[in-house]
Amino acid sequence: MTVCILVSPLEASDPTPTDGRLQVVDPGSPQVSVLDLGVTRGDGVFEVLGVVGGHAQAVDAHLSRLQNSAMMLDLPAPDLEAVRAAVLQVVALSEPVPEMLVKIVLTRGVEDAEPAAATCWVIGLPAGDHEEERRRGVSVVLLDRGYPHDISSRAPWLLTGAKTLSYAVNKAALREAARRGADDVVFTSSDGYVLEGPTSTLLARFGTRIWTPAIAQGLLPGTTQAAAFEFFATQGLSTSEVLLRSGQLADADALWLASSVRMLAPVRSVDGWEVPVDQELTAAANAFLLGRVE
Ligand SMILES: Cc1ncc(COP(=O)(O)O)c(C=O)c1O
C-alpha cells in the first residue's frame, strides 16, 4: 500500500509541534486543491530519495537541496525537521521492500489563499527494477538545452539548478530520446558544453580523473554524484567539477549517469557511438551507493 503524509502547517516559524503537523492520508483520494499553484503553474519544488533495505538515503543532502530550491523560488522556508519526520514515517509505515523511493513535494499552495500557506506532502512509491540499467548501461543522446553555459548568472529567474515541479521539459527530452531510439539524455549548452541529464548528473572518467560538469552552469547539485565522488576518492581517483566540451566525451574512458534510486547507470553509447563500460568499477560504485547508511 502506498503511504502518503501531508505536512501542514509547513513554515519553519510555526510553533505547532512536529507530531501535530503530520497527517497520514489516503493517496487514492483527492488531497490537493484544483487551485493549488503546484498543479496549475508547476510552482513548487520536489525531491526524490532512495530507500534501500528500509533506510532512507542521504536525507540531509536532499533536505538541504529542498531548502535551497525553495529559497530560489522565494517560497517560505520549510520546516525541515517536520519534512524529515514525514520521510521517516513514510518509510516506517511502508511495506518492507528491498528498494523504494520517497518523493517530497512542496508547492506555493492555493492561489490567493489568506493566509498564504505552502502545500507539502511526502509519498512512498515503488522504485522499479534498475538492475539491468546499472549493469548493462544506457544509450544516450545529446540534446541542446538552448541556453549558454553561464545562463544561471545571466538569468537567475530561469531557475536552472532548482528542482522545480516544472519538469515537462525534462520529460519531453526523454520522449525525444525514445523517438531517437535511446534510453536517456545528456543536455548540452547552446555554446557546446556538456550539462546534465533530465533526471541525472553526468560523471566521466579520464584515466585516474573523475569529472562532473560544474554546477555553476545552472545544474542541479547531485546527491548521488557527491556520494559517488566519495567512493571514487577511496579508489585513489581524483574528482573535480569542470567545464567539459561535448567533443571531449569521445575521449572518456567511462561515462555514467548518476541519480538517486537508479544510482550509477554506465553510458554505453552517445549518439550511437560506443563508450567503454567499466563493469567492475560500476558494480563496486553501486554496491557502495546502495550500502550507504549515513
Ligand atoms: C536535473 C537533475 N540533475 C541531476 C539529478 C540527480 O540528482 P540526485 O543524484 O540527487 O538524485 C536529478 C535528479 O532527479 C535531476 O532531476
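The values are calculated or read from the model by the stated rules, or taken from the named source; none is laboratory data. Just so it is clear, the model here is predicted, and its values are computed rather than measured. Cβ coordinates were reconstructed from backbone atoms using ideal geometry, including for glycine residues, and neighbour counts include every protein chain displayed. Accessible surface is based on the protein model in full, side chains and every heavy atom, while ligands, DNA and RNA are left aside. Shrake-Rupley method; radii C 1.70, N 1.55, O 1.52, S 1.80 Å.
Could you go through the range 206-220 and let me know if any residue there is touching a Lys or Arg at 6+ places or on another chain (Cβ under 7 Å) and within 14 Å of the ligand (Cβ to nearest atom).
yes
Just to confirm my filter: which helices (runs of 4 or more DSSP H) fall fully inside the range 45-142 and include at least 1 residues that are of a type in the set (S, T, N, Q)?
Ranges flagged: 59-72, 80-93.
Out of R145, R134, I need the residue that is open to solvent by less than 20 Å² (accessible area, probe 1.4 Å), of a type outside the set (D, E) and modelled with pLDDT of 95 or more. Which one?
Testing whether each residue is open to solvent by less than 20 Å² (accessible area, probe 1.4 Å), of a type outside the set (D, E) and modelled with pLDDT of 95 or more leaves just R134.
Would you say S260 is closer than 24 Å to G291 by Cβ, touching a Lys or Arg at 6+ places or on another chain (Cβ under 6 Å) and at pLDDT 95 or above?
no
Determine the pairs where a residue that is of a type in the set (K, R), located within the range 167-196, has a partner that is within 12 Å of the ligand (Cβ to nearest atom) and modelled with pLDDT of 95 or more with Cβ atoms under 8 Å apart, the partner being 6 or more residues away or on another chain.
Correct list of pairs: K171/P198.
Kindly indicate whether V185 is open to solvent by less than 40 Å² (accessible area, probe 1.4 Å) and either in the same structural domain as D251 (by TED's automatic domain parsing) or away from the ligand (no atom under 11 Å from the Cβ) (or both).
In short, yes.
Among the residues of the range 241-259, write down those that are open to solvent by 30 Å² or more (accessible area, probe 1.4 Å) and either within 16 Å of the ligand (Cβ to nearest atom) or out of contact with any helix residue (DSSP H, G or I) (no Cβ under 9 Å at 6 or more places or on another chain) (or both).
E241, R245, S246, G247, Q248, A250, D251, D253
Within the range 159-182, can you find the residues that are in a helix (DSSP H, G or I) and either touching a His at 6+ places or on another chain (Cβ under 8 Å) or open to solvent by less than 70 Å² (accessible area, probe 1.4 Å) (or both)?
N170, A172, A173, L174, E176, A177, A178
Just name the residue that is nearest to A117 (Cα to Cα) out of those in the range 1-39 that are open to solvent by less than 50 Å² (accessible area, probe 1.4 Å) and charged (D, E, K, R).
E11
Is it true that some residue in the range 227-238 is among the hydrophobic types (A, V, I, L, M, F, W, C), touching a residue at least 60 places away in the same chain (Cβ under 8 Å) and open to solvent by less than 60 Å² (accessible area, probe 1.4 Å)?
Yes, because at least one residue in the range 227-238 is among the hydrophobic types (A, V, I, L, M, F, W, C), touching a residue at least 60 places away in the same chain (Cβ under 8 Å) and open to solvent by less than 60 Å² (accessible area, probe 1.4 Å).
If the requirement is being surrounded by fewer than 16 Cβ atoms within 10 Å (Cβ to Cβ) and touching a residue at least 24 places away in the same chain (Cβ under 8 Å), which of these qualifies: P115, P126?
Result of the check over P115, P126: P126.
Under 9 Å between Cβ atoms, at least 6 apart or on separate chains: pull out the pairs that start in the range 28-57 with a residue that is free of Cβ contacts under 8 Å to residues at least 40 places away in the same chain and end on any residue that is in a helix (DSSP H, G or I).
That search, which allows pairs on different chains as well, returns V34/T40.
Can you pull out the residues in the range 50-72 that are among the aliphatic types (A, V, I, L, M) and either surrounded by fewer than 19 Cβ atoms within 10 Å (Cβ to Cβ) or in contact with a Leu (Cβ under 7 Å, 6 or more places away or on another chain) (or both)?
Within the range 50-72, V51, V52, A56, A58, V59, L63, L66, A70, M71, M72 qualify.
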